[in-house]
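Each remark here refers to the structure printed beneath this line.
The values are calculated or read from the model by the stated rules, or taken from the named source; none is laboratory data. Computed from a prediction, not measured in an experiment: that's the story for all the values here. Cβ atoms come from the backbone with ideal geometry, glycine included; neighbour counts cover every protein chain shown.
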Amino acid sequence: MLNRIKSLIEDAENFSANSLQELEEFRIKHLSKKGSLAQLFEDFKDVSNDKKKEVGQALNELKQAIQLKIDAYKEELSGGETSSTNVDLTMPGESITIGSRHPISIVRGEILEIFSRLGFTVSEGPEIEDDWHVFTSLNFPPEHPARDMQDTFFIEKNPDILLRTHTSSIQVRVMEHTKPPIRTVSPGRVFRNEAISARAHCIFHQVEGLYIDENVSFADLKQTLLYFAKEMFGEATQIRLRPSYFPFTEPSAEMDVSCALCGGKGCNVCKYTGWLEVLGCGMVDPAVLENNNIDSKKYTGFAFGMGIERLAMLKFQIRDLRLYFENDVRFLKQFSGSL
């Protein structure tokens, strides 16, 4: 029996395989239930006691020789990743792709940082609001035509529960719980029932500001917005204020900034006017102050509101609002240098 085992060990050490099929045939020949090794272990019970130790050691040596041969050829023939002939360990690994901040987040942070230097705090509030905070307290009486300026998503009726159409609702909550002086900016997401296109969306982001104190004038409003425009778009930026209408401010104005792309000379972005509209503003209507228990004879204030998407379009020259919401990595990775 020892001679049979030694012969099989010699055969295993001399074996070579050119394919996985040949290797599998070798494994079946020796390690299957009817293979040579199984037959040897069956005959082992007839070996005399004085020979069992020697024969047992020989059987283990045979089994190891067969298994080592199978493992070596299996790795080589299958092209395993650990094979030294197939892997260059000196090659650099795959780099990890680093994400970037969204352009809306970048511009939002820049706006808040500018106003923080003027002493404005940041206030936030719920996106699902009631009629009082979105409309009535801001001088939108029932059936007032100004309500038609904003197509609203209503969740419930009587009482009206809705998705806020502007972040002015946050300002109302601040006025309800804070005594003047008040100086705050309110960033947030707002919703309006509008058709989605390159220039409009049903979801967008705003930053609105409110300043209430004694003897606040329109001149204070103008200087605040001029400072913001120069910090946001560059020291050479100019502004102009055009009369407008908002139910919660009187007088009201739209603010334009000089087009930084053409230096005010006129281009297709500014429609050859040299100016770009960026925000609405005005002096807080006394009725709004009274609605929120603030003495309009003692205090005055100004308010302004701007769309973050609009400012991001101007800052990064983005032509289509829909890009902000599509999460296209090719679009977003352009802003990795703006962290």
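Structure notes:
- Test result for F331, without any contact (Cβ under 8 Å) to a residue 60 or more places away in the chain and within 18 Å of the chain's Cα centre (by Cα): yes
- If you filter the stretch 313-328 down to residues that are touching a residue at least 40 places away in the same chain (Cβ under 8 Å) and assigned to a loop (DSSP other than H, G, I, E, B), you find that the one that is nearest to A195 (Cα to Cα) is D320.
- The selection criterion, being acidic (D, E), modelled with pLDDT of 80 or more and either surrounded by 14 or more Cβ atoms within 10 Å (Cβ to Cβ) or touching a Lys or Arg at 6+ places or on another chain (Cβ under 9 Å) (or both), holds for D11.
- Of the criteria (1) touching a Lys or Arg at 6+ places or on another chain (Cβ under 9 Å); (2) touching a residue at least 60 places away in the same chain (Cβ under 8 Å); (3) within 22 Å of Y211 (Cα to Cα); (4) of a type in the set (A, V, I, L, M), which one V288 fails: (1)
- Flag for I196 being within 25 Å of T300 (Cα to Cα) and not in a strand (DSSP E or B): no
- Of all residues in the stretch 44-55, those satisfying the criterion of being at pLDDT below 80 and under 16 Å from I9 (Cβ atoms) are F44, V55.
- Residue check for I114: within 19 Å of Y324 (Cα to Cα), surrounded by 12 or more Cβ atoms within 10 Å (Cβ to Cβ) and either modelled with pLDDT of 90 or more or outside the structural domain of E231 (by TED's automatic domain parsing) (or both): no
- Among the residues of the stretch 14-25, those that are out of contact with any helix residue (DSSP H, G or I) (no Cβ under 7 Å at 6 or more places or on another chain) and surrounded by 13 or more Cβ atoms within 10 Å (Cβ to Cβ) comprise E22, E24.
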